[in-house]
Amino acid sequence: MQDYGYYSQIIANLDLVNKTQEPNIDAAASLMADAIADDRLIHVYGGGGHTTLPVGEMFFRAGGLANIDPVMEPALSVFNQALKYLELERTVNFGASIVKYYQLKPGDVMIIFHNIGINPATIDAAAEAKKAGAKIIAVSSSHWQNEIPEDHFIRHPSKKNLFDFADVKIDDFNPVGDAAVKVPGFDTPIAPISNIVDFYIAHLLEIKTVAECVCRGITPPVWSSANVPGGDEKNAALIEKYRPRVKML
């Protein structure tokens, strides 16, 4: 199939994550397993636009962790009007107000996805989570954080990067501009790769966390598919446990 190098670029990015990020993913999984051992929620946030999609991918998903708390603000997501969410993800203190609502406690774990990692909705959310005493797992791109000029208007006024707040940094190596394919005769790049890579990282975190729990003799809370026979019955106890605590259930 003629895909103009799209498949090979995705595979190259996934290979780079596998070859360089395993220690960081293992460290993140250890924090997530600690949260499960302590009967805490694992909070997950996306800093705007399409980077909110991995939040949905980790929440209430067959084979996913049931103690995931999506710190989800629809106004920041792709299910808001596009120009509105673009404006809001660049609005100072908006991210902080979202995190405040979820009342994080010292020792909580928050995963923050934002492959760009410099915009106000991301930086303010990370700062607020840090202020609350949470441990931050950041999934972002060193390319964006290092290569975008400090005076670029989309940056938070502090000029800080998401990785500046992270207890664990997971680099998705998303290229600046995200779109990775150039069709001959057409100047504008097409076909982003960030969501494919970030979804892969999200599921790696789940896999490694479950494996860590098993090693510790802990039974991790994992959803069964609600669409197979017996699925609802298997999930009933988890729903009873987490529905009072997870705002989006």
**Study point:** Loop sites in the stretch 71-163: trypsin sites (Lys or Arg not before Pro), DSSP, at most 10 other Cβ within 10 Å
**Key:** none
Point to revise | In nm, spacing of pseudo-spin labels at L83 and E233 (7 Å Cα→C-beta vector) | key: 5.4 nm
**Study point:** Kirkwood estimate for the chain, i.e. one over the average of 1/r between Cα atoms, Å
**Key:** 18.6 Å
Review point. In terms of the Cα gyration tensor, with a ≥ b ≥ c the square roots of its eigenvalues, is the stretch 131-249 rounded because a/c is under 1.5, prolate because a/b exceeds b/c, or oblate?
Key: prolate
**Study point:** Equivalent ellipsoid semi-axes, the stretch 34-83, via Cα gyration tensor eigenvalues times 5, rooted, Å
**Key:** 24, 11, 7
Study note, to complete from the structure: Within the stretch 180-233, DSSP-loop trypsin sites (Lys or Arg not before Pro) with at most 12 other C-beta atoms within 10 Å are none
Check your understanding: Which FRET efficiency value, to the nearest 0.05, do you get for N146 and D187 by plugging their Cβ-Cβ distance into 1/(1 + (r/R0)^6) with R0 = 25 Å?
Key -> 0.50
Review point. How much length, in nm to one decimal, is gained on full extension between F199 and Y7, taken as 0.36 nm per residue of separation minus their Cα-Cα distance?
Key: 67.5 nm
Revision key, fill the gap. Rounded to a whole %, the carbon-and-sulfur portion of the accessible area of the stretch 102-168 at a 1.4 Å probe is 51 percent
Exercise for review: Convert each backbone phi in the stretch 214-224 into a coupling constant with the Karplus relation 6.51 cos²θ - 1.76 cosθ + 1.60 (shift: θ = phi - 60°), then list the ³J(HN,Hα) values in order as whole Hz, x for Gly and Pro.
Suggested key: 4, 4, 8, x, 9, 8, x, x, 10, 6, 8
Review point. Taking the inverse of the average 1/r across all pairs of different Cα atoms in the stretch 1-118, what Kirkwood radius in Å do you get?
Key: 16.1 Å
Point to revise | Estimated distance in nm for a label pair at A27 and L249, the labels positioned 7 Å out from Cα along Cα-to-Cβ | key: 3.1 nm
Point to revise | 5 Å-binned pair-distance histogram of the stretch 192-249 (Cα, whole percent) | key: 4, 16, 15, 18, 25, 15, 6, 2
Exercise for review: For the stretch 85-92, just list the computed ³J(HN,Hα) in residue order, Karplus coefficients 6.51, -1.76 and 1.60, θ = phi - 60°, integers in Hz, with x standing in for Gly and Pro.
Suggested key: 5, 4, 5, 5, 6, 9, 9, 5
Practice item. Hey, for a label at T20 modelled as a point 7 Å past Cα toward Cβ, could you say which residues of the stretch 130-165 have their backbone N under 13 Å away? Key: 140-147
Practice item. Using amide H atoms built 1.01 Å from N in the peptide plane, name the residues 5+ places from D69, or on other chains, whose amide H lies under 5 Å from its own. Key: I42, H43, V44
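Within 10 Å, count the other beta carbons around each residue, average over each peptide in 1-12, 104-115, and list them highest first.
So the order, starting with the most tightly packed, is 104-115, 1-12.
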Check your understanding: In percent, how large is the relative contact order of the chain, given Cα pairs closer than 8 Å and 6 or more residues apart?
Key -> 24 percent
Practice item. Grab the DSSP H runs of the chain that are 4 residues or longer, score each as -39,500 (n - 2.57), total them, divide by all residues and round the 222 nm result to the nearest 500 deg cm²/dmol. Key: -13000 deg cm²/dmol
Review point. What is the spin-label model distance, in nm, from T91 to E240 if the labels are put 7 Å beyond Cα along the C-beta direction?
Key: 4.1 nm
Check your understanding: In whole Å, how far is the Cα centre of the stretch 1-39 from that of the stretch 45-63?
Key -> 15 Å
Study note, to complete from the structure: Which of K159/K208; K135/K234; K19/K182; K84/K130; K105/K247; K100/K130 exceed 22 Å between C-alpha atoms? The answer is K159/K208; K135/K234; K19/K182; K84/K130
Review point. In terms of modelled amide H atoms, which long-range or inter-chain residues lie less than 5 Å from the amide H of V222?
Key: A66
Study note, to complete from the structure: Rh_Kirkwood(the stretch 1-59) over Cα pairs, Å, one decimal, evaluates to 14.2 Å
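The values are calculated or read from the model by the stated rules, or taken from the named source; none is laboratory data. This is a predicted model, so every value here is computed, not measured. Quick reminder, even Gly has a Cβ in these numbers, built from the backbone with ideal geometry, and neighbours come from all protein chains shown. To get the accessible areas, we keep the full protein, side chains included, count just its heavy atoms, and leave off ligands, DNA and RNA. Shrake-Rupley method; radii C 1.70, N 1.55, O 1.52, S 1.80 Å.
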